[in-house]
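Please read the structure below before turning to the comments.
Just so you know, all these numbers are worked out from the coordinates, no wet-lab data involved. What you see is a predicted model, and the numbers here were worked out from it, not measured in a lab. Virtual Cβ from ideal backbone geometry, glycine too; neighbours counted across all protein chains shown.
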Amino acid sequence: MFTINYIGTSPYITCLPSLYHHQVSPRDKFLILSSDGLYQYFTYEEAVSEVELLIAAFPKGDPAQHLIKLVLTSMSCLISHK
């Protein structure tokens, strides 16, 4: 959907993984697996809230596609305001 004209000598993508442990409990409803790119636009709480709202409104909806659309919308808003 968009292109980045990268100019440089170092790798454009780097890997700095972080791993978190979470004890699954009965309160857990879903797991969001994502890159840090999602959290450049949303807090953890906002991402969880969006998925909860989508699941409540559309139980067979696709949370991943929903979050992608929200990120792309956020990106286009940021670009158009520059």
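If I filter region 43-65 down to residues being among the small types (Gly, Ala, Ser) and part of a helix (DSSP H, G or I), which single residue comes out as nearest to Leu33 (Cα to Cα)?
Ranking the qualifying residues of region 43-65, first place goes to Ala64.
Could you check region 11-66 and list, in sequence order, the residues that are among the hydroxyl-bearing types (Ser, Thr, Tyr) and touching a helix residue (DSSP H, G or I) at 6+ places or on another chain (Cβ under 8 Å)?
Ser34, Tyr39, Tyr41
Identify, please: which residue in region 33-75 is without any contact (Cβ under 8 Å) to a residue 12 or more places away in the chain, among the small types (Gly, Ala, Ser) and within 20 Å of Tyr20 (Cβ to Cβ) and is, among those, surrounded by the fewest Cβ atoms within 10 Å (Cβ to Cβ)?
Checked region 33-75; the qualifying residue surrounded by the fewest Cβ atoms within 10 Å (Cβ to Cβ) is Ser35.
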